[in-house]
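Input: a single structure, listed below in structure tokens.
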Amino acid sequence: MEISLAVTWLLFLALFPIGFFWLRRAWRIIVKRDYSEVALKGGEPPPNAEKYAPYTAAVNLIAGLIAAGVILLVITGIATYETWSAIAGSTLWMKFFFDFIISRHARPIWGKKKEQG
């Protein structure tokens, strides 16, 4: 068995829990109004998490739908390996980048605090 075949299967099988997790997170934010996973930094949401909930929900929903779409493309045989792996990899990285941007934007620090003494 070639290592590239094993990596291909690993990437494809990883799409199932990743997509499920992202769609579940979007569901919790949109439907249940649970803002405990919005704009996390150090595992904690910001004090005004409700303000950033639509952005986090949109990122999770779009990424989850793309992951589900890629799974369907692979199962139906429409997409080649190069196509679906590029879509899946780009989606994964963009999701991480957008989550990072949202979490940092929710806690702006415009300057260092001066020590009083």
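Where a number appears in this text, it was derived from the coordinates with a stated rule and is not lab data. Keep in mind that what you see is a predicted model, and the values were worked out from it rather than measured. Ideal geometry is used to build each Cβ from the backbone, glycine not excepted, and the neighbour counts take in all protein chains shown.
Some values worked out for this structure:
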{"item": "Cβ-Cβ FRET estimate between Asp34 and Met94, R0 fixed at 22 Å, reported to 0.05", "result": "0.40"}
{"item": "The range 9-50: C-alpha gyration tensor shape, a/c 1.5 cut-off, then a/b vs b/c", "result": "oblate"}
{"item": "Between 0 and 90°, nearest 10: helix 3-30 axis offset from the chain longest Cα axis", "result": "40 degrees"}
{"item": "Charge dipole magnitude, Cβ of K and R +1, D and E -1 - the chain, Cα centre, debye nearest 20", "result": "640 debye"}
{"item": "Excluding exposed DSSP-loop GluC sites (Glu not before Pro) (at most 13 other C-beta within 10 Å), longest clean stretch of the chain", "result": "3-114"}
{"item": "Folded to 0 to 90 degrees: helix 81-105 orientation relative to the chain principal axis, Cα", "result": "10 degrees"}
{"item": "Taking Ile30, Ile102 and counting other C-beta atoms within 10 Å, the order from fewest to most", "result": "Ile30, Ile102"}
{"item": "Gain on full stretching of the segment that runs from Ala14 to His105 - 0.36 nm per residue minus C-alpha separation", "result": "29.8 nm"}
{"item": "Gained length - Trp27 relative to Ala58, 0.36 nm times residue gap less alpha-carbon distance", "result": "10.1 nm"}
{"item": "Degrees between helix 49-76 axis and first principal axis of the chain (Cα, 0 to 90, nearest 10)", "result": "10 degrees"}
{"item": "Rounded, prolate or oblate (a/c below 1.5 giving rounded, otherwise prolate when a/b exceeds b/c) for the chain by Cα gyration tensor", "result": "prolate"}
